[in-house]
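Report on the following structure.
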Amino acid sequence: MGKRGPRKEPAVVKLARGTFRSDRDGDIGQAPKTPLVVDCPPPPDYLGEHGRNAWLDVLPGIIEGGYFTQLDLRAFGRGYCRAHDEVAKCDAVLAEEGEHATAESGYVCQHPAVNQRFKWLDIIRRYEDAFWLNPTARSGKQVAAPGKRSVARRNRA
C-alpha cells in the first residue's frame, strides 16, 4: 500500500510562509531572521493626514508585540495606512456630493464613492488580519517563549 495523504510541503516553502516548525519539520538549520523593529520610525512622506494618524496610533502597539520586522514596514505603510487615506477621500466626496446620485434619465442610484469606500474598508480589514490587529486574528497567533516546547508536542516514550 502506498503512502497516504498529500505530499509534504518543502521546508523552504514553510520558511518563506513563516509556518516552519523544527519540532514537526526537522532541523534544517536556522530560519533566516530579519531584524525586528524596536523604535517607531516617522511616517513616510507619501501618507496623508489620516494615514499618518493610523501610522502613529497603530504602529507602536504592533512594535510592542515583538513580531514586526523591517520588511513589514513597507506593507504597513503602503497598504494599511494608505487605505485609511483613501477612505478619508471617499468620505469627503460623499459629504460634499451625497450618497445618492441622479442619472440623466431620473434614476436615483448609489454614488460610486460608496462602493470604493467599501472596497478600501475591506482592504483595511484584510491588513488587520495580516498584522494581527483584531482579536480573531490574534487568537490563532502562536508565539512560543525561547526554549519552550509547543503544547502540541508530547513526550513520547
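Quick notes on this structure:
- For region 30-43, the condition holds for no residue, the condition being that it is surrounded by 17 or more Cβ atoms within 10 Å (Cβ to Cβ), free of Cβ contacts under 8 Å to residues at least 12 places away in the same chain and farther than 30 Å from V114 by Cβ.
- Looking across A157, A113, A137, one residue alone is open to solvent by less than 90 Å² (accessible area, probe 1.4 Å) and either more than 30 Å from G48 (Cα to Cα) or modelled with pLDDT of 85 or more (or both). It is A113.
- From the options R78, R82, R52, R74, residue that is farther than 18 Å from R117 by Cα, open to solvent by 70 Å² or more (accessible area, probe 1.4 Å) and within 16 Å of the chain's Cα centre (by Cα): R74
- Yes/no for K8 being modelled with pLDDT under 85 and either in contact with a strand residue (DSSP E or B) (Cβ under 7 Å, 6 or more places away or on another chain) or part of a loop (DSSP other than H, G, I, E, B) (or both): yes
- Restricting A95, A16 to residues that are surrounded by 11 or more Cβ atoms within 10 Å (Cβ to Cβ) and either without any contact (Cβ under 8 Å) to a residue 24 or more places away in the chain or in contact with a His (Cβ under 6 Å, 6 or more places away or on another chain) (or both) narrows the list to A16.
- Test: residue in region 61-81 that is closer than 21 Å to L47 by Cβ, in contact with a Gly (Cβ under 7 Å, 6 or more places away or on another chain), at pLDDT 95 or above and of a type outside the set (S, T, N, Q): yes
The values are calculated or read from the model by the stated rules, or taken from the named source; none is laboratory data. Please read all numbers here as calculations on a predicted model, not as lab measurements. Note that each Cβ is placed from the backbone with ideal geometry, even for glycine, and that neighbours are counted across all protein chains shown. When the accessible area is computed, the model is the full protein with side chains, heavy atoms only, and any ligands, DNA or RNA have been set aside. Shrake-Rupley method; radii C 1.70, N 1.55, O 1.52, S 1.80 Å.
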